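Here's the structure, in C-alpha cells; my notes come after.
The values are calculated or read from the model by the stated rules, or taken from the named source; none is laboratory data. The structure displayed is predicted, hence computed values, not measured ones. Note that each Cβ is placed from the backbone with ideal geometry, even for glycine, and that neighbours are counted across all protein chains shown.
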Amino acid sequence: MKIRLEVFSFRFAEQILNSKLSIKQEIEKIITDPTIVLSSLSRPILNKELDDRFTNLGWERQPAVFEEDGDPSAKMDFLKDRIGIEVEFGHSSFIGIDLLKFQIASYSGLNRIDCGVYVVTTKNFQKQMTKQFNQNWEGSLNFEKVVRYLPHFKSAIQVPVYVIGIDLG
C-alpha cells in the first residue's frame, strides 16, 4: 500500500499549476514520498513529515497572511513561487478559515499568490489508517467534504484552489 493522490481543481487551479509544472510536481513528490512510513502516521507526525519536506526544498514556512505584525494565527503553511499551501488534518470547521487565508493572500491588496493548494486526507485514507495501523483520524476534514463544500463558497472565494486528497492505494 502506498500514498496516492485525489485532486480537485476549483477556478482553473490545475491550469495555473500546470503553468508552474515543476512546482506542481514538487508538491506531488513531497506528499507521495515513498520513504514516509505509513504505520507511524498520526496527524501530528504527518504534519511534521510534510513540514520538514517542504521547508527542506525551500518553501517559506508559515508566511504571514496579513501585512500587520502580531497575528500568529493568520499564516499559511507554505509559500513558494506565488503558490500558497494549507495542510489541514484538523476538524472540518477549519475549512472556512483556511480558504479565507488564500483569498486574503491573493486579493486583499497583498497579491502574494496566484493559486492555493489545500492538502487534506480522503475518507478512505482515514479509514485505512484506523483499520490497519490503529491511528485515530476520526473527525478530520476530508477531501470529499472539501470538494462538496468549495463550490458553495464561489461568491466569497475567487482565488483558484487546487485540492489534494491524500489517499492510500
Original post:
Under the condition of being over 14 Å from the mean Cα position of the chain (by Cα) and among the charged types (D, E, K, R), which residue from the range 1-13 is surrounded by the fewest Cβ atoms within 10 Å (Cβ to Cβ)?
Top reply: LYS2
Original post:
Which condition breaks for GLN25 when tested against (1) without any contact (Cβ under 8 Å) to a residue 12 or more places away in the chain; (2) on the phi > 0 side of the Ramachandran plot?
Top reply: (2)
**OP:** Being in contact with a Gly (Cβ under 9 Å, 6 or more places away or on another chain) and aliphatic (A, V, I, L, M) is the filter; apply it to the range 3-23 and report the residue that is farthest from PRO34 (Cα to Cα).
**Re:** ALA13
Original post:
If you go through the range 22-43 one residue at a time, how many are in a loop (DSSP other than H, G, I, E, B), surrounded by 12 or more Cβ atoms within 10 Å (Cβ to Cβ) and either more than 14 Å from the chain's Cα centre (by Cα) or small (Gly, Ala, Ser) (or both)?
Top reply: 4
Original post:
Can you find even one residue in the range 129-146 that is assigned to a helix (DSSP H, G or I) and under 19 Å from ASP33 (Cα atoms)?
Top reply: yes
**OP:** State whether the residues of the range 138-159 include one that is within 21 Å of ASP52 (Cβ to Cβ) and in contact with a strand residue (DSSP E or B) (Cβ under 9 Å, 6 or more places away or on another chain).
**Re:** yes
Original post:
Within the bounds of the range 101-119, is there any residue that is part of a strand (DSSP E or B) and among the β-branched types (Val, Ile, Thr)?
Top reply: yes
Original post:
How many residues does the range 90-125 hold that are closer than 18 Å to PRO44 by Cβ, crowded, with 21+ Cβ neighbours inside 10 Å and hydrophobic (A, V, I, L, M, F, W, C)?
Top reply: 3
**OP:** Consider VAL147 carefully, then state whether it is among the hydrophobic types (A, V, I, L, M, F, W, C), at pLDDT 95 or above, surrounded by 14 or more Cβ atoms within 10 Å (Cβ to Cβ) and in contact with a Cys (Cβ under 9 Å, 6 or more places away or on another chain).
**Re:** no
**OP:** Considering every residue within the range 50-66, establish whether at least one is surrounded by 15 or more Cβ atoms within 10 Å (Cβ to Cβ), at pLDDT below 95 and either among the basic types (Lys, Arg) or farther than 30 Å from PRO151 by Cβ (or both).
**Re:** no
Original post:
What is the residue count in the range 108-128 for residues that are on the phi < 0 side of the Ramachandran plot, over 19 Å from the mean Cα position of the chain (by Cα) and of a type outside the set (D, E, K, R)?
Top reply: 3
